[in-house]
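The values are calculated or read from the model by the stated rules, or taken from the named source; none is laboratory data. From a predicted model like this one, the values you see are computed outputs, not experimental measurements. Positions of Cβ are generated from backbone atoms using ideal geometry, with glycine treated the same way; all protein chains shown enter the neighbour counts.
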Amino acid sequence: MAEHGEHDARPLASLDKRARRRAIARATGRMMLSVAILVVVFIIAPADDLGRGTLGLGVFAAIALLVAIIGWELYRTLHDPYPELRAATSLLVLVTAVVVMFAITYAGMSAANASAFTEQLGKADAVYFTVTTLSTTGFGDITAVSESARWVVTAQMLFDLVLLVGLARVFMLAAKAARARRNRG
């Protein structure tokens, strides 16, 4: 049994019920904190200022932040005592980060050009539009009208495919490699 404050290196499924619950609770708490931080950033980010400023710079900063989050989460997955659990919670954090990134972008684009979409997008509308695009539901009530908005929506759709398929695969491979390294050691 691991000492207090240490993590058991055994696979999650082989832990006793109490230790498994504790590991899952810890991972869930970390994930919820990360998601809460991203939501707070979204709430306090001034979308109207993005519309007045250089939208490209904001998009570049968001992409750089997302790449940093991906790198950090991969690193932590490789070094976590329960890499499979970490990979799963990391993917949920990354999906939240993608939604925040594109929602802020869409709200900023809408603030800069009221005719970029079929209606003016506030933050709630931008989240709704982002999630319907991410889920490929696309109800059609809000659509991209301007060429630049259509390019960004197209970029999101392509990015979503990479995110959902590529990153899930990368994180699962990282978890498998971490588990194999731990089993050898």
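Values computed for the structure shown
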quantity	calculated
Scope region 121-136; condition hydrophobic (A, V, I, L, M, F, W, C) and exposed (fewer than 15 other Cβ atoms within 10 Å of the Cβ); matching residues	ALA124, VAL131
Subset of region 115-145 [among the hydrophobic types (A, V, I, L, M, F, W, C), over 19 Å from VAL59 (Cβ atoms) and without any contact (Cβ under 8 Å) to a residue 24 or more places away in the chain]	ALA124, PHE139
Helices (runs of 4 or more DSSP H) enclosed by region 90-185 - at least 3 residues per element that are among the basic types (Lys, Arg) and within 28 Å of LEU12 (Cα to Cα)	168-184
Failed item in (1) within 30 Å of ILE24 (Cβ to Cβ); (2) out of contact with any His (no Cβ under 7 Å at 6 or more places or on another chain); (3) not β-branched (Val, Ile, Thr), with ALA155 passing the rest	(1)
Residue that is farthest from the chain's Cα centre (by Cα), among those in region 43-74 that are of a type in the set (Gly, Ala, Ser) and at pLDDT 75 or above	ALA45
